Structure formats: C-alpha cells, structure tokens
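To keep things clear, I will list the structure first and then write my remarks on it.
The values are calculated or read from the model by the stated rules, or taken from the named source; none is laboratory data. Since the structure is predicted, the reported quantities are computational estimates derived from the model, not experimental observations. Here the Cβ is made from the backbone with ideal geometry for all residues, glycine too, and neighbour counts use every protein chain on show.
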Amino acid sequence: MKRKKYFDKERAFEFIRQNADHDGIWHGDAIELASEFDSTEDDVHSVLSDLCNRRIIEKLYTGKYIIANWREKDSPDSGA
C-alpha cells in the first residue's frame with residue numbers, strides 16, 4: 001500500500017520551487033501536483049489559489065506558474 005504524502009501550502013510551494021526552471025517558472029499543473037501528493041485536484045486548485053492570493057506564486061497561463069521574487073542561484077544577491 002502506497003503511503004499518502006501530507007499535502008499543504010508549504011509542501012506544495014516546496015515542490016513547485018524544487019521543480020521550477022532557472023527562471024522560476026514551474027511547468028507543472030494541478031494534475032501533476034495531485035498525483036505527487038495523492039490528493040484531489042480540487043484540493044490542489046485551492047492551495048494554488050491561496051498561494052497566488054498570498055502573492056507567493058503568480059499564474060502566467062494555464063498550467064504555468066512563476067515564483068514571485070525569484071532569484072537565480074548564481075545571483076550576487078543570493079549569497080551563493
């Protein structure tokens with residue numbers, strides 16, 4: 001039996017951040033996120049909407065989100 005992963009805003013954002021490209025764009029969608037966490041698409045849409053409302057991520061167009069205030073890892077301001 002597959003163990004269900006806990007799903008909340010923090011884990012959703014962590015997943016999005018880890019899977020974003022070098023520009024901070026996540027090319028995934030609610031189906032991918034629901035599958036990753038064994039959750040419903042309705043729950044995922046709710047979490048994505050909340051993250052957008054809190055201006056943590058921004059919806060670019062269907063299936064594409066960008067992380068607000070993204071800094072590239074090799075940016076001088078990142079301390080890396």
Using beta carbons and a limit of 6 Å, which pairs, at least six apart or on different chains, have the first residue in segment 47-66 and among the small types (Gly, Ala, Ser) and the second one surrounded by 13 or more Cβ atoms within 10 Å (Cβ to Cβ)? Gly63/Asp29
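Quick grid of which residues meet (1) surrounded by fewer than 13 Cβ atoms within 10 Å (Cβ to Cβ); (2) modelled with pLDDT under 95; (3) touching an Asp or Glu at 6+ places or on another chain (Cβ under 8 Å):
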position: Lys4; (1), (2), (3): yes, yes, yes
position: Phe7; (1), (2), (3): no, yes, yes
position: Gly28; (1), (2), (3): no, yes, no
position: Thr40; (1), (2), (3): yes, yes, no
Between a residue in segment 20-46 that is among the aliphatic types (A, V, I, L, M) and any residue that is surrounded by 12 or more Cβ atoms within 10 Å (Cβ to Cβ) and outside any helix (DSSP H, G or I), which pairs come within a Cβ distance under 6 Å, given they are 6 or more apart or on different chains? Ala20/Trp26; Ala20/Ile67; Ile25/Ile66
Restricting to segment 42-80, count the residues that are aliphatic (A, V, I, L, M), assigned to a loop (DSSP other than H, G, I, E, B) and at pLDDT 85 or above. 2
The one condition Glu14 fails out of (1) without any contact (Cβ under 8 Å) to a residue 24 or more places away in the chain; (2) surrounded by 12 or more Cβ atoms within 10 Å (Cβ to Cβ) is (2)
For residues that are touching a Leu at 6+ places or on another chain (Cβ under 8 Å) and small (Gly, Ala, Ser), scanning just segment 1-54, find the one that is farthest from Arg71 (Cα to Cα). Ser39
